[in-house]
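The values are calculated or read from the model by the stated rules, or taken from the named source; none is laboratory data. Being a predicted model, the structure only gives us computed values, none of them experimental. Methodologically, a virtual Cβ is constructed for each residue, glycine included, from the backbone with ideal geometry; neighbour enumeration extends over all protein chains shown.
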Amino acid sequence: VLLAWFFLNSDIGLGFVKGFSEMFEKLLGFANEGTNFVFGGMNDKGLAFFFLKVFCPIVFISALIGILQHIRILPIVIRAIGTVLSKVNGMGKLESFNAVSSLILGQSENFIAYKDILGKMSRNRMYTMAATAMSTVSMSIVGAYMTMLQPKYVV
């Protein structure tokens, strides 16, 4: 509750949310330019709205996430945020890593990050990690919502 108040009522928190929203808006602008380049004027004629405005940005952001994961930038960022989050909420590093990873990658891609230790986890820990992953919305889906609504209402 305190964290939600911080992000929604303080100048620093609102600045963070606004910066995050603007970063995603810029990424969606790049996706839109790429869609216009590939599909030409179909976007302007109102043809295939869902495909061009929603699906293509999801593909673009998913590809970007895959590239960042391949060149090992994303795991470092996720690990750093997970470590800070574990200090704030008192959960274990793996659970905090899971929460941040599922937020960025999505719930199905999330478990690939630690596939080697899945069989060694207790049932309770596995349930906690699955419930955490299912309670998040991935960034690619957030990007799709931002194409349909004003970004300040999505983030």
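For first residues located in the range 31-44 and assigned to a helix (DSSP H, G or I) and surrounded by fewer than 17 Cβ atoms within 10 Å (Cβ to Cβ), partners that are of a type in the set (Gly, Ala, Ser) and modelled with pLDDT under 80 and lie 6+ apart or on another chain with Cβ distances below 8 Å form the pairs MET42/ALA48. Counting the residues of the range 117-140 that are hydrophobic (A, V, I, L, M, F, W, C) and farther than 17 Å from MET91 by Cβ gives 3.
Residue count for the range 3-14 satisfying the condition of being at pLDDT 80 or above and either loosely packed, with under 11 Cβ neighbours inside 10 Å or among the β-branched types (Val, Ile, Thr) (or both): 4.
If a residue must be buried (at least 18 other Cβ atoms within 10 Å of the Cβ) and among the aliphatic types (A, V, I, L, M), how many such residues does the range 114-138 contain? So the answer is 2.
Where helices (runs of 4 or more DSSP H) fall wholly inside the range 65-155, the ranges with 1 or more residues that are of a type in the set (D, E, K, R) are 74-89, 93-105, 107-110, 123-134, 151-154. All conditions but one from (1) crowded, with 17+ Cβ neighbours inside 10 Å; (2) among the small types (Gly, Ala, Ser); (3) under 18 Å from the mean Cα position of the chain (by Cα) apply to GLY66; the one that does not is (1). Exactly one residue out of SER86, SER96, SER122 is at pLDDT 80 or above and touching an Asp or Glu at 6+ places or on another chain (Cβ under 8 Å), and it is SER86. There is no residue in the range 20-30 that is loosely packed, with under 12 Cβ neighbours inside 10 Å and modelled with pLDDT under 80.
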